[in-house]
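Down below is the structure, laid out as C-alpha cells.
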Amino acid sequence: MQLHLINKNYSENDNNQPTCQTHCLFYDNKTAKCGYFNNEVPKDALYTAKCNEYIGKEEWEGYTDDILSEENSVESSSAYPFVPQEGLDREDAVWYVSPDEQFGCWIISLSEKQRFMTINSLQINKELIRSGKYRSPYPLHNHGYGGESASQIAWVIDEQGIGQYAWVIAGDIIFVN
C-alpha cells in the first residue's frame, strides 16, 4: 500500500506552490543549485517544506527591515565614545574622550582656584587610582559604563583638584563612591 499526498489547494503543476526554484532566495538559477547547501534540489514542494534554511521573499524583506533598523540604531550609538548620546543640563560640562579611545565622559570642575592643572603636576598614586579619587584634571581609569549610561557620567573635580566619577541626573551631581 502506498500513501499519496492529496492537497486540494495545489495541483502538481501549480506555479504558486512554493519550491526552492520558485520561492527560495538561496536558489541560484545559474548553477541550478541551492546557494546555501551547494547541491541540486528537486522541484518538489515537500523537499522545500523540509528545508531548514528556506527563505521566502516576504520573510527576507521582513528580516532585512529588522537588520536595517538595528544598523540605524547601532550607527546612532556607535559614535560613542567620541560623541555623547545625550547632553547634560549643565553649562560647565565638557565631553572628554580617553587617549586610548576606550571611554568617554563629561568633565566638570567645581574648583574656582584650580581651573586648570598642568599634566606634570598630577599626583599619580596607584592606591588613589584604585580608590577612584585622585588629583587629575581628567580620569585615568575607565568608568566601565556603556554609551547611553556614559552620557550621564562625569569626572568631577573638587576645590582641591581631586576628581572622581559621578552621575549627573537632571543637572544634579550624585557621587558614585
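The values are calculated or read from the model by the stated rules, or taken from the named source; none is laboratory data. The structure displayed is predicted, hence computed values, not measured ones. A quick note on method: Cβ atoms are made from the backbone with ideal geometry, for glycine too, and the neighbour counts reach across all protein chains shown. Surface accessibility is based on the protein's heavy atoms, side chains included, excluding ligands, DNA and RNA. Shrake-Rupley method; radii C 1.70, N 1.55, O 1.52, S 1.80 Å.
Through the Karplus equation 6.51 cos²θ - 1.76 cosθ + 1.60, θ set to phi - 60°, convert the phi angles of segment 143-149 into ³J(HN,Hα) values in whole Hz; use x for Gly and Pro.
Those phi angles translate into 6, x, 9, x, x, 5, 5 Hz.
So how much accessible area does His143 have, in Å² to the nearest 10, using a 1.4 Å probe?
Estimated to the nearest 10 Å², His143 gives 30 Å².
Figure the gain on full extension for Val83 and Glu61 (residue separation times 0.36 nm, minus the Cα-Cα span) and round it to one decimal in nm.
4.7 nm
Can you tell me the length gained on complete extension of the stretch Asp44 to Gln160, counting 0.36 nm per residue apart and subtracting the Cα distance?
33.8 nm
For an R0 of 35 angstrom, estimate the FRET efficiency from the Cβ-Cβ distance between His141 and Glu91 and round to the nearest 0.05.
Between His141 and Glu91 the formula returns 0.85.
How large is the Kirkwood hydrodynamic radius of segment 31-71, counting all unique pairs of alpha carbons, in Å?
Answer for segment 31-71: a Kirkwood hydrodynamic radius of 11.9 Å.
What accessible area, in Å² to the nearest ten, does a 1.4 Å probe give for Asp172?
Its heavy atoms expose roughly 90 Å² to the probe.
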